[in-house]
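Following: one structure in structure tokens, then a few remarks.
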Number of protein chains: 2
Amino acid sequence: MKQAHHPATEDVALEEVLSALGDPVRLGLARLLADGRERGWGQLAAPVAKSTLSHHLRVLRDAGVTRTRQEGTRCFVVLRRADLDARFPGLLAAVLEAAEAHDAGAGVGLRGTGPA
Amino acid sequence: MKQAHHPATEDVALEEVLSALGDPVRLGLARLLADGRERGWGQLAAPVAKSTLSHHLRVLRDAGVTRTRQEGTRCFVVLRRADLDARFPGLLAAVLEAAEAHDAGAGVGLRGTGPA
DNA sequence: TTCGATGTTTGACGAACATCGAACAAGTTA
DNA sequence: TAACTTGTTCGATGTTCGTCAAACATCGAA
């Protein structure tokens, strides 16, 4: 559990962001984080094994879509909305709105705290 | 060279569009077509073999990003801007603007008619 | 009909990807 | 110290992807 690497805002690449969000699980994760609130790793519920979930979170992180914070032995994930909006104005909003409107990236939800 | 299949506007999937545009060559092609003008297949110049170019154009077509029209033995490609905008408002504009701003998808250009 | 131009399809290849279970590392708690 | 919790990393597997060359199909021209 070493400190994860995050690309600087100016190093975020469009192709990477697009292909990162081009996966159903990752799009679902982004959609889950769309409200800007930070979520605990354990709250995230995706229809994949935890090692796979870890992989997807890494792809999102490496692409610059999310930021992971570590607190003790647990992690918290948050969308880098401001950074993305600074670099690609309107992109994230359009993607998230489209995902919401068409229920894309389904299968990803919250655990414990219940839906909503 | 049989008539290619195009998805109906309501069948266009967000994940497919995003991952279609997540490739440098395809993003470059989309960027090239961003002005809405129709281009001849032969005008498209990408740093790949023609079979590969054909493949990429098919991915874009299958994802609903472009439309291919056939005239005799040659093809013309155009961006399905209105369709995409109807289904995912603002998405294509944000992607193309971001690509333009950061010169993403480079290596794709025009042949014959010269740049511009 | 024969030739040439234009894309598409096929077959093959290595690289990248999504996925899993198991082993591991780092904190927290008993 | 000894568990236990929480994610990450590793190794393996099967799939998809990007790429090319070559063969093919189709249309127009000679």
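The values are calculated or read from the model by the stated rules, or taken from the named source; none is laboratory data. Because the structure is a prediction, the values reported are computed rather than measured. Note: ideal-geometry Cβ built from the backbone for every residue, glycine included; neighbour counts use all protein chains shown. The protein model used for the area step is the full one, side chains on, heavy atoms only, and it has no ligands, DNA or RNA in it. Shrake-Rupley method; radii C 1.70, N 1.55, O 1.52, S 1.80 Å.
Restricting the GluC sites (Glu not before Pro) of segment B:1-109 to loop positions (DSSP other than H, G, I, E, B) with no more than 16 neighbouring Cβ atoms within 10 Å leaves B:Glu38. Mean separation of Cα pairs under 8 Å and 6 or more residues apart, divided by the residue count, gives chain B a relative contact order of 39 percent. Only the Cβ atoms of Lys and Arg (+1) and of Asp and Glu (-1) were treated as charged; on that basis the dipole of segment B:1-70 about its Cα centre amounts to roughly 420 debye.
The figure for B:Thr9 is an accessible area of roughly 40 square angstrom, using a 1.4 Å probe on the protein chains alone.
I need the trypsin sites (Lys or Arg not before Pro) found in segment B:12-116, filtered to DSSP loop residues with at most 15 other beta carbons within 10 Å of theirs.
B:Arg37, B:Arg111
Over all orientations, the protein assembly as shown has a Cα convex hull whose mean projected area works out to 13.8 square nanometres. Normalising by residue count, segment A:9-101 has a Cα convex hull of 93 Å³ per residue.
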